[in-house]
Amino acid sequence: MPRIAVLDKHKCQPKRCSLECHRYCPGVRIGDETIVIDERTGKPIISETLCSGCGICVHKCPFHAITIVNLPQELEGRCIHRYGTNGFALYELAIPREGAVTGLVGQNGVGKTTALNILFGKLKPNLGKDAPASPDELNDFFKGSELQGYFKRLDELRLSFKPQPIEQIPTIVRGSVSELLERVDERRVKDELVQKLGLQDVMDREIKNLSGGELQRLAIAAASARDADVYFFDEPSSHLDVYQRLNAANVIRSLAELGRAVLVVEHDLAVLDYICDYVHIIYGIPGAYGVISNLRSVRVGINTYLEGYLREENVRFRDESIHFEVKPSFRSISFTKIAFNYPQLIKRFSGFELSADPGSIFKGEVVGVIGQNATGKTTFIKMLAGEVEPDSGKIDLNLALSYKPQYLRMNFEGSALEWLRSQVGEFNQAFELEIVEPLEIKPLLDREVSTLSGGEMQRLAIAACLGRRADLYLLDEPSAYLDVEQRLYIAKLIRRVIEGREATAFVVDHDLLFIDSISDRLIFFGGKPGVRGRAFSPTEMRQGMNMFLREVGVTFRRDPQTGRPRANKPGSRLDREQKEKGEFFYVG
Ligand code: SF4
Ligand code: SF4
């Protein structure tokens, strides 16, 4: 059985430990060089040949820096890339197929970016050895698979890439939106993409002045405008509302319809389902290793991912399967104490008007907020909290508000611990137990804020928001950059905290599965983005989803096996039937 020993170099702190890994290793005790201490770094080097896999070092290390993994026999010799001795290892690879959209779904930290970089030609795979593999070695390695031809042609293939961290685009690309699109428009489709992705109003704007959602749509347009054989889209949904997600999905799908190969990494399962023909599951231990599964059809692939068990490979990669519950109707939930009522409210800015219908909010409930971007969602919550004064309607609730903003651009110089303290003060035990531990924040605390990934920053920002005592919590797009498991876990955590404190939370998000999991009721925002918005009174889930999806023009059904909401293909029999009945969100 192949065994790997992985050392997390961020976590390993030899100056703050007693080298327990080395002291207690049975191999070292009998005089073998199972672990030697690197003279230069002071960190251990573990011999995978001599290691017996006893796991003593794993338990003795005070910083949980070592992972020992026994891999299935089938993975022997299937390592695609390894980041040095005792580094992260990736096994197997995704296959971009001509004329199809292939998805990659799995936890963060198990090698999706490594896989994309290899397929994009940015990272030369080393097949687990010390040096990059030669063309002949790659040819032998992939013999008989579709990837053999892919790597043979890699130098000639035209490739286009939409990166994940779109916030960094303004630091790399200067000029206006139209200048960038002009430069990359190899397919002469700029005008069509601008219209489909709704970029008309920002064409003259400098890229550095774009919002996250605008940057995302620009990045998708720029990648799609290239004349490529293979397109890569790394998390194209973040910061887009549902309407924009579906438009982006249609643009990406149209590339496959032209016969091009498209590979998409995406955590919004409804979008992944809508966009893909095939799915690879990627699983493993974050930071230690990742394995890319065989290709599956999209429905089977997503259901298998939720089940946590790869039947054909006979691998269980998660102890529990994920199932989506159909919520009981709100009346049967025991919310009895009203937190506050609010009257009809109106707020006008130059060129924009928001009108909110009256409503009552209960203690302990989580209200999902859905609707297109720029329809006044944040303004509404700020009016409730007294931070924005309405032009019509009186509101005097005196509520303490804790807010997690949508965009996490943080110019903070210092560690995550310093940043978190600046937000919540000194930690107490309750904060550690209730928030820090479940969100797995501890391993991040010593790191500089500037080195955190989008998902790590998101978890930290959620911890800060929940760490403040408030009556009303507003979490704006908490699912961005989190993987599917983190999304569902955080949905449960937020519900538990809000219920326990008898507070109220408004959660603005565009991942319908996340909203479905977290919300007790919904507030739907209709209107014309940037011109007028209307906040309807809080409604039950089904009614709210129906109102919203009717506006977007998309119908959803539930998958019978997992209970997850699935978008119907436009014009399909189910789509037509549900539209006729007015059941846009079918929960039966
Ligand atoms: S692995 Fe753990 S015990 Fe070993 S040197 Fe690093 S921190 Fe210390
Ligand atoms: S798993 Fe056991 S044998 Fe292997 S390095 Fe750790 S302590 Fe030594």
> Using the per-residue mean of other Cβ atoms lying within 10 Å as a proxy for protection, in what order, highest first, do the peptides 253-266, 416-429 fall?
Replying inline: 253-266, 416-429
>> Take residue 580 and residue 499, extend 7 Å from each Cα along the Cα→Cβ direction, and tell me the distance between the two endpoints in nm.
In response: 4.0
> Which of 369, 135, 96 sits closest to the plus end of the dipole of the chain, meaning its Cα is farthest towards the positive end, when Lys and Arg get +1 and Asp and Glu get -1 on the C-beta?
Replying inline: 369
> Taking a probe of 1.4 Å, how large is the accessible area per residue of the stretch 357-473, in Å²?
Replying inline: 44
> Is any helix in the chain, taking whole DSSP H runs, at least 15 angstrom long along its axis by alpha carbon and on average at least -1.0 on the Kyte-Doolittle scale, and which ones?
Replying inline: 212-225, 242-257, 454-467, 484-501, 541-552
>> Please compute the contact order of the stretch 340-539 in relative form: average sequence separation of alpha-carbon pairs under 8 Å and at least six residues apart, divided by the residue count, as a percent.
In response: 37
> For the stretch 340-539, how big is Rg over Rh, using alpha carbon atoms and the Kirkwood form of Rh?
Replying inline: 0.97
> What full-extension length gain, to one decimal in nm, is calculated for residue 341 and residue 447 as 0.36 nm per residue of separation minus the Cα-Cα distance?
Replying inline: 33.9 nm
> Residues with beta-carbon under 11 Å from that of residue 161, excluding residue 161: net charge, scoring Lys, Arg +1 and Asp, Glu -1?
Replying inline: +2
> Where a Cα-Cα gap under 25 Å defines reach, which lysines qualify for residue 442, not counting those fewer than 8 residues away within the same chain?
Replying inline: 9, 11, 15, 43, 60, 112, 404, 492
>> Over the chain, what is the relative contact order in percent, taking alpha-carbon pairs closer than 8 angstrom and at least six residues apart?
In response: 13
> residue 297 to residue 15: FRET efficiency via 1/(1 + (r/R0)^6), r the Cβ-Cβ distance, R0 35 Å, to the nearest 0.05?
Replying inline: 0.10
>> As a test, work out the antiparallel percent of DSSP beta bridges whose residues both lie in the chain, rounded to the nearest 5.
In response: 50
>> Could you tell me how far the Cα centroid of the stretch 479-510 sits from the Cα centroid of the stretch 130-181, in Å?
In response: 35
>> For a Förster distance of 25 Å, can you work out the FRET efficiency between the beta-carbons of residue 349 and residue 469, rounded to the nearest 0.05?
In response: 0.20
>> Averaging the inverse of every distinct alpha carbon separation and then flipping it gives the Kirkwood radius. What is it for the stretch 430-588, in angstrom units?
In response: 17.5
>> Given 4 °C and 1.567 mPa s, compute D for the chain with the Stokes-Einstein relation, Rh being the Kirkwood radius over Cα pairs; round to the nearest whole µm²/s.
In response: 50
>> Using amide H atoms built in the peptide plane, which far-off residues or other-chain residues are under 5 Å from residue 162 H to H?
In response: 232, 233, 234
> In terms of solvent-accessible area of protein heavy atoms at a 1.4 angstrom probe, what is the ranking of 49, 379, 171, 41, highest value first?
Replying inline: 49, 171, 41, 379
> Using unit Cβ charges (K, R positive; D, E negative) and no other charged atoms, how large, in debye to the nearest 20, is the dipole of the stretch 3-70 about its Cα centre?
Replying inline: 280
>> Using Cα-Cα distances under 8 Å and only pairs 6 or more residues apart, what relative contact order does the stretch 166-227 have, in percent?
In response: 53
>> If I stretch the segment between residue 188 and residue 418 completely, what's the gain in nm (0.36 nm per residue apart, minus their alpha carbon distance), one decimal?
In response: 77.9 nm
> Do any cysteines of the chain lack a neighbour Cys whose Cβ is under 4.7 Å away, and which are they?
Replying inline: 12, 17, 25, 51, 54, 61, 79, 276, 465
> Residue separation times 0.36 nm, minus the C-alpha to C-alpha distance between residue 316 and residue 400: what's the value?
Replying inline: 25.7 nm
>> Quick check of the Kirkwood formula: for the stretch 196-261, what is the inverse mean of 1/r over all pairs of different Cα atoms, in Å?
In response: 12.4
> Hey, what number do you get for the chain at 222 nm if only DSSP H runs of n ≥ 4 count, each worth -39500 (n - 2.57), divided across all residues, to the nearest 500?
Replying inline: -8500 deg cm²/dmol
>> Quick query: amide H of residue 388 versus all other amide H atoms, modeled in the peptide plane; which residues come in under 5 Å with a sequence gap of 5 or more or a different chain?
In response: 383
> Semi-axes, largest first, in whole Å: what does sqrt of 5 times each Cα gyration tensor eigenvalue give for the stretch 146-219?
Replying inline: 27, 15, 11
> With θ set to phi - 60° and the Karplus curve 6.51 cos²θ - 1.76 cosθ + 1.60, what are the ³J(HN,Hα) couplings of the stretch 85-96 in order, to the nearest whole Hz, using x for Gly and Pro?
Replying inline: 4, 6, x, 4, 10, 10, 10, 6, 8, 6, 10, x
> In a Debye calculation with equal point scatterers on the alpha-carbon sites of the stretch 104-200 and no solvent, what is log10 I(q)/I(0) at q = 0.11, 0.16 Å⁻¹?
Replying inline: -0.52, -0.92
> Carbon and sulfur atoms: what percent of the 1.4 Å accessible area of the chain do they account for?
Replying inline: 47
>> Quick check: convex hull of the Cα atoms in the stretch 3-70, volume per residue, rounded to a whole Å³?
In response: 77
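The values are calculated or read from the model by the stated rules, or taken from the named source; none is laboratory data. As the structure is a computational prediction, the values presented were derived from the model and not from experiment. Using ideal geometry, Cβ is built from the backbone for each residue, glycine included, and neighbour counts are taken over all protein chains shown. Ligands, DNA and RNA are excluded from the accessible area calculation, which covers all protein heavy atoms including side chains. Shrake-Rupley method; radii C 1.70, N 1.55, O 1.52, S 1.80 Å.
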